[in-house]
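Worksheet: one structure, shown below.
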Amino acid sequence: MYPNRLIAAVFSLLFVFSFASFAQSGGTVLMPLADVKVGAKATAKTVFQGSKPEEFGVEILGIMPDAVGPRQDLIIGKLSGSNAMRTQVFAGMSGSPVYIDGKLIGAISYSFPWSKEPICGITPIEQMISIFTDERKAVASVTQPFTVSASSLLVENWKPELLMDLRGSTTLMSSSDSLLSQLSGQRLSPISLPVTFSGVSQQTLDRFSSTFASAGIVAMASVGSGGSRDLAPLKKADEKTLLGGDSVVMQLARGDISIAAAGTVTHRDGNKIYAFGHPFFSLGSTNVPMNESHVIIVVPSTNNSFKMAVADGMVGSLKQDRATGVYGILGESPKMLPVQINLTTSRGRRESAKFESAVDEFLTPLIVVLGGQNTMVGYERTIGDTTVDVTATIKIKGQDSVRIERRYAGAQAVALGATSVAVPVQTLLRANFPGLEFENLEANFVVSEGSRSAVIERIAIDRAQVKAGGTANVTIYYRTDSGELLSRNEVISIPKDTPTGALTITISDGAKAQETAATQQFVAKNAAELIAILNAAKRPDRLYVTLSRTSAGVISGASEMTDLPPSMLATINNDRSNGGPKELKSRVVAEQLLNSSDHLTTGSQAITIEVTR
């Protein structure tokens, strides 16, 4: 009996100590959700102007169990006070701490759009802290193979990953029409985060406005807060750095282009910072600069009031972005990707932009696209066709560099040119191989007015029979976008080991050549193999010659098995199985990249010859 009593006593003591540790965190007494009572009068803090938090009242109206998710409750409150009544619940208020009798109960984090009164949702502080108690330093690098599809490397298929609202919402009306719920104002949503873009044109922002809006982001173009002064090193934190109620900025990019998302600190415990009370982008483990900030003004608005905040010194890094808030560490510098954009305009003028981007699988590609497009839009016309030549280098520590050479023409040339740099960046980040660390990215854009594009109309060959090891002259006829028919001659070499018989010569652009290729997926076992795949990817702006012949075989995974005997083919392709190996009807004998021309030529044409000995 005595051992059982001893064990029970030990567990009781552990419970008391753990609760005491939670209830007294960083010198601030925390109130468990169970102690929050309906009708209680609370006090909240946030910054309305400058850098000093101001207090306002909150009345506790009730508690919504499982409002955000399983065991993720919300406290419903009503704001009071002159400032709160003037601004209502505003974008940038996310994370504002709420206290009852000096005890912290949680963070203002949700609101009702179009509400006539300042009603808010408060994320309980115990749920904000508990979700990060098992915080990991970073996502572990993976060692399993990474599969890359050919279609994922096409610039035309890229789209921002933030198109979905990952932060969620809670609807308080029974209706299958979610749009009706929003218009009725009965949708409890995470408070929007004001994101200030400095050095970014309004036209560039307009292109991505729907992307940011769907993720609950209020995008604002701003003047200033950019340039080399934003590249200052980490500022040492002290006992007054980022306390509850202070304005905090997560800086996604800094330098000539600055992107800063503003919110409010809920709680500081030593060097740990808890803020927002709802997700930022639901990034999970991340690494984004965390800055002090000051507020210029909170702009009252019938639609959505918002605060205009300016980033000050970087004091740490955001490490986690989860369902009940974000978590940062003071005194840690995040890893950044230095980006250099060089532009040669259609008038021969040279311009450049230099900035650092946060390194994140979802954010970095979007920031790189935005930076490249913004630089070109700032100095080039935005109506009519243009031609953009891209050369870029992504340097990776201890590995070969990724090299990009592309040409785009037409009305979307600027957007496609900027995106061509982001696609390999996103692929590398998704792979997350050990030792894959960016050193810098440099992109060069040369822009000219007009669209120098053409389409292959037909091809002709000077002979019907060619000996193996010989050559044939092929004439490619292509029609320009102005209607002019042009031609170019190419000498095609036939390999010595080519079997006799029919041989198909196909002239096509890189996209068409890859589309008809037997292998549509590539498997990389490490960073070096992935970089080799990216560097070897077919260029959609160049023409390729493909020599192929009829062959009975199959495709198994990423491998081709050609010239198989009928018995093996019958076994593999029997009617009693489905999926697995695919039938292969032709085999590529050789492939050749043709020289570039003045026109971006697309399309595909084929002709058949006979190979002799």
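The values are calculated or read from the model by the stated rules, or taken from the named source; none is laboratory data. These numbers come from a predicted model, not from an experiment. So basically every Cβ, Gly included, is an ideal-geometry build from the backbone, and we count neighbours across all protein chains shown. The area values use the complete protein model at the heavy-atom level, side chains included, leaving out ligands, DNA and RNA. Shrake-Rupley method; radii C 1.70, N 1.55, O 1.52, S 1.80 Å.
Say we look at region 431-460 and pick out the residues that are β-branched (Val, Ile, Thr) and open to solvent by less than 30 Å² (accessible area, probe 1.4 Å); which of these is nearest to residue 542 (Cα to Cα)?
Once the filter is applied, the top-ranked residue is 456.
In this structure, is residue 288 farther than 20 Å from residue 371 by Cβ and modelled with pLDDT of 90 or more? Lay out the reasoning, then the answer.
Values: farther than 20 Å from residue 371 by Cβ: no; modelled with pLDDT of 90 or more: yes.
So residue 288 fails the test.
Looking at the structure I just gave you, is residue 282 under 25 Å from residue 362 (Cα atoms) and surrounded by fewer than 21 Cβ atoms within 10 Å (Cβ to Cβ)?
Taking the combined requirement at face value, the residue satisfies it.
Being at pLDDT 90 or above, under 19 Å from residue 309 (Cα atoms), among the acidic types (Asp, Glu) and surrounded by 18 or more Cβ atoms within 10 Å (Cβ to Cβ): is that true of residue 230 here?
no
Which residues, taken from region 294-308, are open to solvent by 10 Å² or more (accessible area, probe 1.4 Å) and either within 22 Å of residue 55 (Cα to Cα) or aromatic (Phe, Trp, Tyr) (or both)?
294, 296, 297, 299, 300, 301, 304, 306, 308
Among the candidates 360, 321, single out the residue that is modelled with pLDDT under 90, of a type in the set (D, E, K, R) and within 19 Å of the chain's Cα centre (by Cα).
360
Restricted to region 98-118, and to residues that are open to solvent by less than 30 Å² (accessible area, probe 1.4 Å) and either among the β-branched types (Val, Ile, Thr) or over 33 Å from the mean Cα position of the chain (by Cα) (or both), which residue is farthest from residue 269 (Cα to Cα)?
118
Would you be able to tell me the number of residues in region 236-269 that are crowded, with 16+ Cβ neighbours inside 10 Å and assigned to a loop (DSSP other than H, G, I, E, B)? Let's see the steps before the verdict.
Start the filter on region 236-269 by keeping residues that are crowded, with 16+ Cβ neighbours inside 10 Å, which leaves 237, 241-268.
With the extra rule that they be assigned to a loop (DSSP other than H, G, I, E, B), the set shrinks to 237, 241-246, 256-257.
Of the residues in region 236-269, 9 are crowded, with 16+ Cβ neighbours inside 10 Å and assigned to a loop (DSSP other than H, G, I, E, B).
Got a number for residues in region 461-500 being part of a strand (DSSP E or B), exposed (fewer than 13 other Cβ atoms within 10 Å of the Cβ) and in contact (Cβ under 8 Å) with a residue 40 or more places away in the chain?
Final tally of qualifying residues: 1.
Looking at residue 374 and the list (1) open to solvent by less than 10 Å² (accessible area, probe 1.4 Å); (2) assigned to a helix (DSSP H, G or I), which single condition is not satisfied?
Evaluating residue 374 over (1) open to solvent by less than 10 Å² (accessible area, probe 1.4 Å); (2) assigned to a helix (DSSP H, G or I) leaves (1) as the failure.
Against the condition in contact with a helix residue (DSSP H, G or I) (Cβ under 8 Å, 6 or more places away or on another chain) and part of a helix (DSSP H, G or I), how does residue 388 come out, does it pass?
no
Just to be sure I understand the filter: pairs with C-beta atoms under 7 Å, separated by 6 or more residues or on different chains, first member in region 58-84 and under 15 Å from residue 35 (Cα atoms), second member among the aromatic types (Phe, Trp, Tyr). Which pairs pass?
What qualifies is 74/110.
Scan region 413-437 for residues that are assigned to a loop (DSSP other than H, G, I, E, B) and in contact with a helix residue (DSSP H, G or I) (Cβ under 9 Å, 6 or more places away or on another chain) and report the count.
Residues that pass the stated criteria total 4.
Answer yes if at least one residue in region 501-517 is β-branched (Val, Ile, Thr), at pLDDT 90 or above, in contact with a Lys or Arg (Cβ under 8 Å, 6 or more places away or on another chain) and buried (at least 19 other Cβ atoms within 10 Å of the Cβ), and no otherwise.
No; the residues of region 501-517 include none that is β-branched (Val, Ile, Thr), at pLDDT 90 or above, in contact with a Lys or Arg (Cβ under 8 Å, 6 or more places away or on another chain) and buried (at least 19 other Cβ atoms within 10 Å of the Cβ).
So, of the residues in region 576-613 that are among the β-branched types (Val, Ile, Thr) and open to solvent by less than 60 Å² (accessible area, probe 1.4 Å), which turns out to be modelled with the lowest pLDDT?
Residues of region 576-613 among the β-branched types (Val, Ile, Thr): 588-589, 601-602, 607-609, 611-612.
Checking which are open to solvent by less than 60 Å² (accessible area, probe 1.4 Å) leaves us with 589, 601-602, 607, 609, 611-612.
Working: 589: 87, 601: 93, 602: 94, 607: 94, 609: 93, 611: 92, 612: 93.
Among those residues, the one meeting the criterion is 589.
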